[in-house]
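Have a look at the structure below before the remarks.
The values are calculated or read from the model by the stated rules, or taken from the named source; none is laboratory data. The shown structure was predicted, so the numbers you read here are calculated from the model rather than taken from an experiment. Methodologically, a virtual Cβ is constructed for each residue, glycine included, from the backbone with ideal geometry; neighbour enumeration extends over all protein chains shown.
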Amino acid sequence: MKVREIMSRDVAYCTSQDSMETAASKMESLNVGAIPVVNNGQVVGMVTDRDLVVRGLANQQNSKVSEVMSNNIVSISPDASLEEAAALMAQHQIRRLPVVENGQLAGIVSLGDLSVREQANESAGSALSDISKNF
């Protein structure tokens, strides 16, 4: 099974110039803990609720997303297998992968997406176990 078969397609995102408040508002309205940061269709970062608190509020910043986002992006192709996605998540200790096609954001796949697929349950469980060990 391929990533494109389970990925979320209509992904909300923010830009690197958006305020932390804008990012937090989007997360709250969507009930998510992370959203991609996209400039001109290309993923340039990810920002999490933790980034906003630890890198932003804890440092008494109320600034732009670019100042608190993670910019070491790990992404995956929509044609990759679910096993590849689970392996990347485990290797990089992440729970969400932006899906990039032709250099543009095409979707996002999460550990939760993997876990609901019967074929991927073992891979997702292994990835979650590996990710959780280091938290």
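Taking segment 21-40 as the range and being in contact (Cβ under 8 Å) with a residue 24 or more places away in the chain and more than 18 Å from Arg96 (Cα to Cα) as the test, the residues that pass are Glu21, Thr22, Asn39. Taken together, the residues in segment 21-38 that are loosely packed, with under 13 Cβ neighbours inside 10 Å and farther than 19 Å from Val54 by Cβ amount to 3.
Pick out the one residue from Asp49, Asp18 that is among the acidic types (Asp, Glu), surrounded by 14 or more Cβ atoms within 10 Å (Cβ to Cβ) and free of Cβ contacts under 8 Å to residues at least 40 places away in the same chain. Give the steps one after another, and end with the answer.
Details: Asp18 fails: free of Cβ contacts under 8 Å to residues at least 40 places away in the same chain.
On inspection, the qualifying residue turns out to be Asp49.
When Val38 is tested against (1) at pLDDT 90 or above; (2) among the β-branched types (Val, Ile, Thr); (3) closer than 20 Å to Met1 by Cβ, only condition (3) is not met.
Of all residue pairs spaced 6 or more apart or on separate chains, those with beta-carbon atoms under 8 Å, a first member in segment 80-92 that is closer than 12 Å to Ile6 by Cβ and a second member that is assigned to a strand (DSSP E or B) are Ala80/Lys2; Ser81/Lys2; Leu82/Lys2; Ala85/Ile76; Ala85/Leu97; Ala85/Val109. When each of Leu97, Leu114 is tested for being out of contact with any strand residue (DSSP E or B) (no Cβ under 8 Å at 6 or more places or on another chain) and either free of Cβ contacts under 8 Å to residues at least 24 places away in the same chain or crowded, with 18+ Cβ neighbours inside 10 Å (or both), the lone residue that passes is Leu114.
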